[in-house]
Amino acid sequence: MFEFLKREETEIAAPVDGTCIRLEDVADEAFASGKMGVGFAVEPTGEEVVAPVEGEIVMIPETRHSFGIQTKNGEEVLVHIGLNTVLMLGEGFTALASQGDKVKPGDPVIRFDKALIESKEKNLTTIVTFTSGRVKEIELDCYGQEVKAGQILAK
């Protein structure tokens with residue numbers, strides 16, 4: 001009778017190959033403090049960033065250093081590639097998807113040139129935060145472990 005009140009669980013996948021870390025271990029106070037929402041991060045070894053959740057891409061800025069997805073539950077998810085990478089003005093980032101595209105976990109969204117960005121002394125920690133609409137904490141058991149882009153980490 002009250003099925004409409006149930007929220008479907010959102011599968012959460014790793015956004016990139018690398019080592020999974022806690023959000024509070026990110027070297028950026030806005031993310032580490034949780035001000036940007038609950039989430040996790042990956043220290044990347046790969047260069048292709050994929051959708052961590054199913055939904056619609058609602059934002060890819062011209063700098064291509066981040067993207068936003070809205071799930072069918074209304075959760076808003078921000079994937080932010082690196083710290084201060086907005087200063088690269090898009091150099092080293094290639095969009096593989098567009099605003100309005102429907103995606104599922106593992107679908108490619110952005111590719112970056114790891115060597116180029118690191119040569120500019122930018123930290124490539126890739127952050128996944130639920131900026132709004134998340135009704136429960138994200139519980140992961142992958143911290144400190146290697147993950148693969150698209151690997152389901154939680155529901």
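Residue by residue, what Karplus-based ³J(HN,Hα) values in Hz, rounded to whole numbers, does region 48-62 have, using 6.51, -1.76 and 1.60 with θ = phi - 60° and x for Gly and Pro?
10, 9, 10, 5, x, 9, 8, x, 10, 6, 9, 7, 9, x, 4
Quick one: length gained pulling Ser98 to Glu139 fully straight, 0.36 nm per residue minus the C-alpha distance? Mind dumping the intermediate values first?
Numbers: separation 41, 0.36 × 41 = 14.76 nm, distance 2.95 nm.
Full extension of this stretch gives 11.8 nm more.
I need the phi-derived Karplus couplings for region 29-37: 6.51 cos²θ - 1.76 cosθ + 1.60, θ = phi - 60°, integer Hz, Gly and Pro marked x.
Couplings: 4, 4, 7, 4, 7, x, 4, 8, x Hz.
Just the Cα atoms of region 9-154, one point each, no solvent: what log10 I(q)/I(0) does Debye give at q = 0.12, 0.15, 0.20 Å⁻¹?
For region 9-154 at q = 0.12, 0.15, 0.20 Å⁻¹, log10 I(q)/I(0) is -0.40, -0.65, -1.25.
Treat every Asp and Glu Cβ in the chain as -1 and every Lys and Arg Cβ as +1, leave all other atoms uncharged, and give the resulting dipole magnitude about the Cα centre to the nearest 20 debye.
Details: 16 positive and 27 negative charges, 56 e Å.
Computed about the Cα centre, the dipole is about 260 debye.
Give a quick list of GluC sites (Glu not before Pro) in region 88-153 that DSSP marks as loop, anything other than H, G, I, E or B, with at most 12 other Cβ atoms within 10 Å. Could the numbers behind the result be given before it?
Values: sites: Glu91, Glu118, Glu121, Glu137, Glu139, Glu146; in loops: Glu91, Glu121, Glu137, Glu139.
Counting only loop positions with at most 12 other Cβ atoms within 10 Å, the GluC sites (Glu not before Pro) in region 88-153 are Glu121, Glu137, Glu139.
Amide H to amide H under 5 Å from Tyr143: which residues, 5+ apart in sequence or cross-chain, H placed 1.01 Å off N in plane?
Long-range HN contacts for Tyr143: none found.
What list of ³J(HN,Hα) couplings, whole Hz, do you get for region 88-104 from phi and the Karplus terms 6.51, -1.76, 1.60, once you set θ to phi - 60° and write x for glycine and proline?
The phi angles translate into 6, 6, x, 4, x, 10, 10, 6, 10, 9, 10, 4, x, 5, 8, 10, 10 Hz.
Straight distance only, please: which lysines reach the Cα of Lys104 with their own Cα at less than 23 Å, same-chain residues fewer than 8 apart left out?
Of all the lysines, those that pass the test against Lys104 - Cα under 23 Å, at least 8 places apart if same chain - are Lys6, Lys72, Lys136, Lys148, Lys155.
Under 10 Å, Cα contacts only: if you run a Gaussian network model on the chain, which one of Pro52, Pro61, Pro44 comes out with the highest mean-square fluctuation?
Largest GNM mean-square fluctuation: Pro61.
Show that you can apply the helix-only estimate: for the chain, add -39,500 (n - 2.57) for every DSSP H stretch of four or more residues, divide by all residues, and state [θ] at 222 nm to the nearest 500.
Numbers: 2 runs with 10 residues, N = 155.
Helix contribution divided over all residues of the chain: -1000 deg cm²/dmol.
Under 5 Å between amide hydrogens, which residues at least 5 positions from Glu54 or on another chain qualify, with H placed 1.01 Å from N in the peptide plane?
Under 5 Å from the amide H of Glu54 lie the amide H atoms of Glu11, each far enough along the sequence or on another chain.
Given the options Gly34, Ser66, Thr45, identify the residue whose Cα lies farthest towards the positive end of the charge dipole of region 9-154 (+1 on Cβ of Lys, Arg; -1 on Cβ of Asp, Glu).
Checked the options; the winner is Ser66.
Rule-based calculations on the coordinates, nothing more; no lab input. Because the structure is predicted, anything quoted here is derived from the model rather than measured. When we count neighbours, we look across all protein chains shown, and the Cβ atoms used for this are built from the backbone with ideal geometry, even at glycine.
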